[in-house]
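Step one of this worksheet: look at the structure below.
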Amino acid sequence: MSILKFKTSINCANCLRAVTPFLDAEASVEKWSVDTSNPDKILTVEGANPIPELIMKSVAQAGFDIEPLAA
């Protein structure tokens with residue numbers, strides 16, 4: 001299983017609700033979570049082969065900023 005991490009602007013429960021349908025619809029994502037207590041609001045994505053570009057597109061479509069974190 002691969003794990004990817006992103007810095008985002010997802011910072012509250014309402015933000016999580018807004019982004020959930022977008023990330024849940026992404027086929028390459030098996031599990032995801034956002035650490036809203038971290039100042040960088042880290043999105044962690046797990047999957048067999050998650051595709052960073054598609055994850056970033058999904059989060060951006062939901063209206064949030066996202067950028068990859070260096071591994």
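Data table
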| read-out | value |
| --- | --- |
| Option label - Kirkwood radius over Cα pairs in Å computed here, alternatives [x] 13.1; [y] 17.6; [z] 11.7 | [z] |
| Solvent-accessible surface ranking, highest first, for Met1, Met56 at 1.4 angstrom | Met1, Met56 |
| 222 nm mean residue ellipticity, helices alone, for the chain (DSSP H n ≥ 4; -39,500 (n - 2.57); rounded to 500) | -9500 deg cm²/dmol |
| Cα-based reach from Lys41 at 14 Å (exclusive), listing aspartates and glutamates while leaving out same-chain residues under 8 positions away | Asp65, Glu67 |
| Segment Asp35-Glu53, length gained on full extension (0.36 nm per residue, minus Cα span) | 4.4 nm |
| DSSP-assigned coil residues among GluC sites (Glu not before Pro) in the chain, each with at most 14 further Cβ atoms within 10 Å | Glu30 |
| Solvent-accessible area, 1.4 Å probe, carbon plus sulfur percent, for the chain | 52 |
| Rounded accessible area of Lys57 (nearest 10 Å², 1.4 Å probe) | 120 |
| Eligible aspartates and glutamates near Lys31 by straight Cα distance, threshold 16 Å, same-chain separation 8 or greater | Glu46 |
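The values are calculated or read from the model by the stated rules, or taken from the named source; none is laboratory data. Not measured: the values here are computed from a predicted model. Neighbour counts run over all protein chains shown; Cβ positions are idealised from the backbone, glycine included. For the accessible areas, the whole protein counts, side chains as well, though only heavy atoms, and no ligand, DNA or RNA atoms are used. Shrake-Rupley method; radii C 1.70, N 1.55, O 1.52, S 1.80 Å.
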